[in-house]
Structure formats: structure tokens, C-alpha cells
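A.B. asks: Mind having a look at this structure? Questions to follow.
The values are calculated or read from the model by the stated rules, or taken from the named source; none is laboratory data. Not measured: the values here are computed from a predicted model. Here the Cβ is made from the backbone with ideal geometry for all residues, glycine too, and neighbour counts use every protein chain on show.
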Amino acid sequence: MWNSRFVTLVLFSFCAFGNPLSAQEEFVLIHDGLERTYLLDLPDGETEGMPLVLVLHAYVSSANIIRGYSGWADVAESGDAVVCYPQGTLDDFGFNHWNANLGISETDDIGFLSLLVETLQEQYGLSAACTFSCGMSNGGFMSYTLACERPDLFSAIGSVAGNMSAYDQVNCNPETVLPIIHLHGTLDPTVSYNQGVILDGPWSGGWGVENVMGYWTGLMGTTETVEEAVPNTVLFDLSTVDFIRHYGASDGQEFHHYRVNGGFHDWFGSWGNQDINSTDLLWEFFSSACEETTNSIASEMASIPLTRKVVRVMDLMGRTTNVQPNRLQLYLYSDGSVEKRIQIN
């Protein structure tokens with residue numbers, strides 16, 4: 001059956017990598033008579049006026065798993081945003097999911113996520129002008145659905161290895177068009193780059209990534225396109241990346257696409273291609289979409305030069321190691337940035 005094959009692919013992608021972060025307290029929000037849960041990464045100190053980012057897990061995955069591999073907790077720890085990881089419910093096949101107008105459950109995830117955003121904004125004083133949704137695979141599908149159904153609540157959305165559902169392809173007609181960033185591998189076996197989900201069933205749809213990009217850039221009215229290769233600094237991952245930027249819309253929206261040539265169904269940077277980091281790119285894009293300063297502290301700190309310090313050295317698999325001459329390694333700095341470096345001896 002279509003669903004068993006799909007689940008096998010997704011399980012391979014997500015369960016094999018474990019969860020390096022400890023489990024958090026689950027918060028509960030009642031919606032539509034259901035107890036819905038979510039995890040929350042809060043920066044230290046005042047949250048008034050800060051951005052909010054929803055990070056949506058993949059099919060059969062969970063909030064705790066995507067928190068573990070994505071690295072979004074570092075964004076919250078650095079004081080840049082409040083990051084929320086909602087938990088999906090079981091679909092008609094018994095698997096965790098987001099109902100991105102897929103017809104595989106009666107769950108009102110549009111309503112739940114809308115209520116969650118409004119609740120967190122009120123509870124923590126978060127910025128309505130800096131609220132975002134992104135996700136992996138099915139979480140990317142759901143983020144596109146939110147861009148279609150509730151663009152009034154969000155400032156931009158992002159998708160990693162996701163797509164638009166067949167329903168959204170036909171029915172999406174938002175009053176406000178959001179900026180979008182989409183990362184996708186050309187050899188993705190689960191959500192095909194050229195055809196969406198190939199398997200028969202409610203997931204299937206005829207649009208590939210470039211069709212989706214064309215649809216949204218048409219709505220935006222972009223007039224300029226640039227394409228450039230991202231430096232291929234890591235050779236062992238057997239993939240390269242092209243950055244495609246659509247811009248020039250009268251209202252300023254942009255569509256950023258990172259095409260990972262030879263890439264699979266990956267959260268790039270955590271596994272798969274190592275030339276880019278999905279979370280860094282998403283957060284950079286979201287930050288640029290904010291229409292107001294996140295808080296007064298951030299404004300004051302922006303003018304103060306920061307001294308970066310190396311806090312961790314890692315190999316290309318993300319494992320902590322000592323500095324090793326003549327070998328490509330990852331250097332994590334105190335400001336949250338990561339550099340690929342070779343120390344020549």
C-alpha cells in the first residue's frame with residue numbers, strides 16, 4: 001500500500017538519527033475538545049516583542065525529535081526568538097501527522113496552530129509582525145497550508161523537503177502573500193523534486209518544487225531572478241547546492257530556493273548536504289522578514305561589537321573533537337555561528 005512505503009522512507013530518515021537533546025516539559029492547549037501538546041524553547045530574560053517560530057515535525061515523527069536534530073534550540077538560547085515545537089495527532093492510519101488539507105484525518109490543525117500562535121503571542125508578549133512557521137516534510141506541507149489559510153498570522157514560512165498538498169495546489173488563494181524559503185533535494189525519494197509525492201493516495205500531487213516556486217512567485221509578482229552556486233566546501237556528502245532568489249515584487253516578498261543537487265529527504269546540515277545548514281538559512285530569511293525590532297535589548301546590543309569565541313570544534317558528522325591539522329572541521333562560535341575551517345600545519 002502507498003502508506004506503508006511512504007512510512008518506511010520517512011522512518012528511515014528520522015528515526016535513525018536519534019535525539020541528542022533531553023526531553024522537555026510538555027505544555028497543553030485544549031483545542032476542539034482535544035488536549036494538544038507542544039514544547040517550547042524560551043530565551044533567558046524578557047520575551048516582550050520577540051519573534052515566534054513554529055517548527056513542525058515530519059510524518060510519523062514528533063516534536064521532541066525535530067527539536068533534537070534541527071538545532072532551533074540554539075536560536076532560542078542565543079536570545080533571538082521563542083521557538084515552539086507543536087505535536088501532531090494520529091491520522092487515520094495511526095501515525096503522527098499534520099492535516100495539511102490532506103484528507104487523512106478530521107483534525108483541525110489550521111485551527112490548533114492558529115490558536116497556539118495567538119496564545120503564545122499573548123502569554124509572552126511576542127511580536128505579531130515576526131511570527132513564522134517552518135517544518136520538515138509533512139511539516140513543510142503544513143507550513144504551506146498556513147500560508148494559504150492564515151497568512152494574517154505569519155510573516156513568512158519555510159519548507160525543508162516538503163511541498164503543497166493537492167488540495168492546496170488547486171484552492172490556495174491567499175489575500176496576503178507571504179515570503180517563502182524552500183530547501184529540497186533533487187533525489188528526494190519521498191517528496192520528489194519534480195513530481196511531489198509519487199505514491200498513490202491523499203499525499204499525491206502533480207506539482208514539483210519548481211511548479212510550487214512558479215505559483216508563489218506569480219502571486220508575489222517578482223520581476224528578478226538570480227541563481228548562483230553555493231561553495232562546495234564539503235565533498236564527502238556527494239551533493240552541491242544552487243541558490244535561486246526571486247525578488248522585485250512590489251510589496252517586497254521574495255522566494256528563496258536552495259536546490260540540493262543529489263540531495264535526499266534530509267534536514268540539510270544535520271545530515272545529508274553539509275554545505276548549508278537548514279536552520280541557519282531559515283532563521284536568516286525569517287529575520288529579514290521582520291518589520292520591527294524584536295526588543296529594546298536587541299536594539300541596544302546591535303551597536304555593540306561582539307567578540308566571538310570558539311566554544312566547540314566538531315568533525316563533519318557533528319561530533320566534538322580536538323583541533324586536527326590539515327583536516328576540514330566545524331568551528332562553533334559563542335554567537336551561534338558555524339564555520340568550516342582547515343588549520344594548515
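A.B. asks: Within segment 157-183, track down each residue that is more than 11 Å from the chain's Cα centre (by Cα) and within 25 Å of A128 (Cα to Cα).
C.D. replies: Taking segment 157-183 as the starting set, the residues that turn out to be more than 11 Å from the chain's Cα centre (by Cα) are 163-179.
Within segment 157-183, M164, D168, C172, N173, P174, E175, T176, V177, L178, P179 qualify.
A.B. asks: Of the residues that sit in segment 97-119 and are assigned to a helix (DSSP H, G or I) and polar (S, T, N, Q), which one is surrounded by the fewest Cβ atoms within 10 Å (Cβ to Cβ)? Reasoning before the result, please.
C.D. replies: Step one: filter segment 97-119 for residues assigned to a helix (DSSP H, G or I), giving 109-119.
Among the residues that remain, those that are also polar (S, T, N, Q) are: 114, 119.
Working: S114: 18, T119: 14.
Top of the filtered list is T119.
A.B. asks: If you take the residues in segment 44-86 that are in contact with a helix residue (DSSP H, G or I) (Cβ under 6 Å, 6 or more places away or on another chain) and aromatic (F, W, Y), which one is farthest from S288 (Cα to Cα)?
C.D. replies: Filtering first and then ranking leaves Y59.
A.B. asks: Confirm whether I198 is farther than 16 Å from F255 by Cβ, outside any helix (DSSP H, G or I), touching a Ser or Thr at 6+ places or on another chain (Cβ under 6 Å) and among the aliphatic types (A, V, I, L, M). So that I can check it myself, show each step before the final result.
C.D. replies: Details: farther than 16 Å from F255 by Cβ: yes; outside any helix (DSSP H, G or I): yes; touching a Ser or Thr at 6+ places or on another chain (Cβ under 6 Å): yes; among the aliphatic types (A, V, I, L, M): yes.
In short, yes.
A.B. asks: Additional query: Hey, among A16, A23, which residue is at pLDDT below 50, of a type in the set (A, V, I, L, M, F, W, C) and closer than 24 Å to D280 by Cβ? Let's see the steps before the verdict.
C.D. replies: On the way: A23 fails: closer than 24 Å to D280 by Cβ.
Criteria check complete, one pass: A16.
A.B. asks: Take the conditions at pLDDT below 70 and of a type outside the set (D, E) and apply them to R308. Does it pass? Quick ask: steps written out before the conclusion?
C.D. replies: Details: at pLDDT below 70: yes; of a type outside the set (D, E): yes.
So R308 fits the description; yes.
A.B. asks: Quick check on segment 218-234. Is at least one of its residues touching a His at 6+ places or on another chain (Cβ under 8 Å) and assigned to a loop (DSSP other than H, G, I, E, B)? I'd like the intermediate steps shown before the answer.
C.D. replies: Let us first name the residues in segment 218-234 that are touching a His at 6+ places or on another chain (Cβ under 8 Å), namely 220, 222, 224-225.
Now narrow it down to the ones that are assigned to a loop (DSSP other than H, G, I, E, B): 222.
Yes: segment 218-234 contains one or more residues that are touching a His at 6+ places or on another chain (Cβ under 8 Å) and assigned to a loop (DSSP other than H, G, I, E, B).
A.B. asks: Among the residues of segment 252-269, write down those that are buried (at least 20 other Cβ atoms within 10 Å of the Cβ) and part of a loop (DSSP other than H, G, I, E, B).
C.D. replies: Within segment 252-269, the first condition is being buried (at least 20 other Cβ atoms within 10 Å of the Cβ), and the residues that meet it are 253-260, 263-269.
Within segment 252-269, Q253, E254, G263, F264, H265, D266, W267, G269 meet the criteria.
A.B. asks: Among A229, A298, which is the only one that is touching a strand residue (DSSP E or B) at 6+ places or on another chain (Cβ under 7 Å) and either exposed (fewer than 14 other Cβ atoms within 10 Å of the Cβ) or modelled with pLDDT under 95 (or both)? Steps first, please.
C.D. replies: On the way: A298 fails: touching a strand residue (DSSP E or B) at 6+ places or on another chain (Cβ under 7 Å).
Answer to the selection: A229.
A.B. asks: Go through the residues of segment 145-157 one by one and say whether even a single one is small (G, A, S), assigned to a helix (DSSP H, G or I) and either surrounded by fewer than 24 Cβ atoms within 10 Å (Cβ to Cβ) or out of contact with any helix residue (DSSP H, G or I) (no Cβ under 7 Å at 6 or more places or on another chain) (or both). Even if it seems obvious, please write down each step before you answer.
C.D. replies: Residues of segment 145-157 that are small (G, A, S), as a first pass: 147, 155-156.
Narrowing further to those that are assigned to a helix (DSSP H, G or I): 147.
From what's left, either surrounded by fewer than 24 Cβ atoms within 10 Å (Cβ to Cβ) or out of contact with any helix residue (DSSP H, G or I) (no Cβ under 7 Å at 6 or more places or on another chain) (or both): 147.
Within segment 145-157, one or more residues are small (G, A, S), assigned to a helix (DSSP H, G or I) and either surrounded by fewer than 24 Cβ atoms within 10 Å (Cβ to Cβ) or out of contact with any helix residue (DSSP H, G or I) (no Cβ under 7 Å at 6 or more places or on another chain) (or both).
A.B. asks: Consider C84 carefully, then state whether it is buried (at least 24 other Cβ atoms within 10 Å of the Cβ) and either of a type in the set (G, A, S) or within 21 Å of L34 (Cβ to Cβ) (or both). Reasoning before the result, please.
C.D. replies: Working: buried (at least 24 other Cβ atoms within 10 Å of the Cβ): yes; either of a type in the set (G, A, S) or within 21 Å of L34 (Cβ to Cβ) (or both): yes.
Answer is yes for this residue.
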